[in-house]
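Accompanying notes for the structure given below.
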DNA sequence: CAGATTCCGTAGCGCCCGCTATAGAATCTC
DNA sequence: GAGATTCTATAGCGGGCGCTACGGAATCTG
């Protein structure tokens with residue numbers, strides 16, 4: 001018994017379907033993306049979708065996990081690879097300008113925009129917690145620089161982290177309103193002008 | 001004939017109802033606020049709502065107009081009353097921190113958040129245009145300072161305006177994620193650190 | 001091949017959406 | 001008062017929502 005797959009095999013690529021679902025949720029948000037939108041763009045029937053992914057909520061959770069690994073972990077890398085918090089956040093903002101406006105996928109950030117104004121509070125809370133994680137990651141990196149004497153001792157690490165996240169959120173929305181990569185890069189550069197010297 | 005009202009008089013205060021509708025749309029957004037949500041919180045039946053306001057879309061348009069007069073025109077005043085664009089935008093950001101976190105109404109800005117992820121593209125476009133108006137207002141004020149020699153000739157007025165709006169958007173979302181007035185004021189103050197000297 | 005297993009397509013469930021037809025209640029003019 | 005007018009309350013329309021029962025199709029094991 002070699003645990004060969006029994007029964008009729010799935011007729012679609014689960015990972016490819018997950019990617020398509022990600023693009024749909026990214027563009028229209030959690031609630032405004034209906035099951036029939038999904039079945040249409042994934043090219044499968046509703047029962048296949050439910051068999052493969054559970055329900056809409058669990059599909060979205062999987063989408064968020066894939067999205068996180070592909071489009072938000074770059075920030076963690078930038079913060080750990082650059083020599084200072086300032087250099088790291090400059091890189092985060094610059095790379096975000098590129099990602100938010102990449103024509104290969106919908107504009108902006110799914111974690112920021114996909115659960116605004118949703119009636120399902122648990123989904124909104126899940127993405128809120130992801131943003132909170134980013135905030136704390138920024139804050140920790142800044143605090144490390146303060147401890148190391150790279151930033152002034154009087155630096156308000158939490159406020160600075162919050163400022164960086166606010167700029168990211170603003171950039172995400174502006175990309176969804178049609179701003180170009182160059183325009184967002186200019187915003188990022190200006191934002192770094194606020195960095196403590 | 002003194003144009004006295006004929007027929008049965010309306011049993012509710014139209015302006016008060018509009019205010020309640022504003023709070024509902026502000027908190028939950030355009031699409032996530034259902035007609036039955038509205039009839040429940042306004043305390044009237046659906047036919048009365050339709051007779052008084054037309055349909056959901058027109059009610060929302062009225063709400064946006066009222067909201068604009070009450071919560072966004074302060075920015076116009078700040079920009080015209082303060083002596084420089086920098087002082088004006090500092091005041092805009094500080095006042096926004098107060099408005100976005102005022103416990104008398106839902107957090108954040110209705111124009112920024114009420115039509116994210118909606119299937120009704122025309123509503124999204126209407127609010128997008130309102131944001132664009134703010135952007136251009138900021139840009140004009142900055143340009144005036146550049147022309148007057150208050151700001152360096154090399155100042156990128158559009159980018160600076162876009163940066164200010166991005167910070168406002170970020171502040172709005174953070175207030176909806178639970179940030180306090182003091183936290184947003186700190187963000188505003190940091191943002192002004194990026195202002196050209 | 002038979003039988004077990006798993007997936008797919010149709011068709012439809014109950015529910016809520018925005019909206020309204022209809023009839024009665026409340027106020028006007030005359 | 002009578003009649004016209006306007007609003008309110010009930011009740012329900014067509015349609016889309018998330019989700020699933022069911023039977024047939026496709027692949028396994030033996």
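Where a number appears in this text, it was derived from the coordinates with a stated rule and is not lab data. None of the values given here were measured: they were computed from a predicted structure. A quick note on method: Cβ atoms are made from the backbone with ideal geometry, for glycine too, and the neighbour counts reach across all protein chains shown.
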Among (1) within 8 Å of chain A (Cβ to nearest Cβ); (2) within 16 Å of DNA strand C (Cβ to nearest atom) - the single one residue B:123 does not satisfy: (1)
Name every residue in segment B:140-160 that is facing chain A (nearest Cβ under 7 Å) and buried (at least 23 other Cβ atoms within 10 Å of the Cβ), in order of residue number. B:160
Scan segment A:129-138 and give yes if some residue there is surrounded by fewer than 16 Cβ atoms within 10 Å (Cβ to Cβ), out of contact with any strand residue (DSSP E or B) (no Cβ under 9 Å at 6 or more places or on another chain), within 8 Å of chain B (Cβ to nearest Cβ) and in a helix (DSSP H, G or I), otherwise no. yes
Determine, yes or no, whether residue A:186 is over 18 Å from residue B:167 (Cβ atoms), free of Cβ contacts under 8 Å to residues at least 40 places away in the same chain and touching a helix residue (DSSP H, G or I) at 6+ places or on another chain (Cβ under 7 Å). no
Of all residues in segment A:179-193, which are at the interface with chain B (Cβ under 8 Å from one of its Cβ atoms), surrounded by fewer than 21 Cβ atoms within 10 Å (Cβ to Cβ) and outside any helix (DSSP H, G or I)? A:193
So is residue A:173 surrounded by fewer than 18 Cβ atoms within 10 Å (Cβ to Cβ) and in contact with a helix residue (DSSP H, G or I) (Cβ under 7 Å, 6 or more places away or on another chain) or not? no
Failed item, numbered, when residue A:163 is tested on (1) over 15 Å from the mean Cα position of the chain (by Cα); (2) surrounded by fewer than 23 Cβ atoms within 10 Å (Cβ to Cβ); (3) without any contact (Cβ under 8 Å) to a residue 40 or more places away in the chain; (4) facing chain B (nearest Cβ under 10 Å): (2)
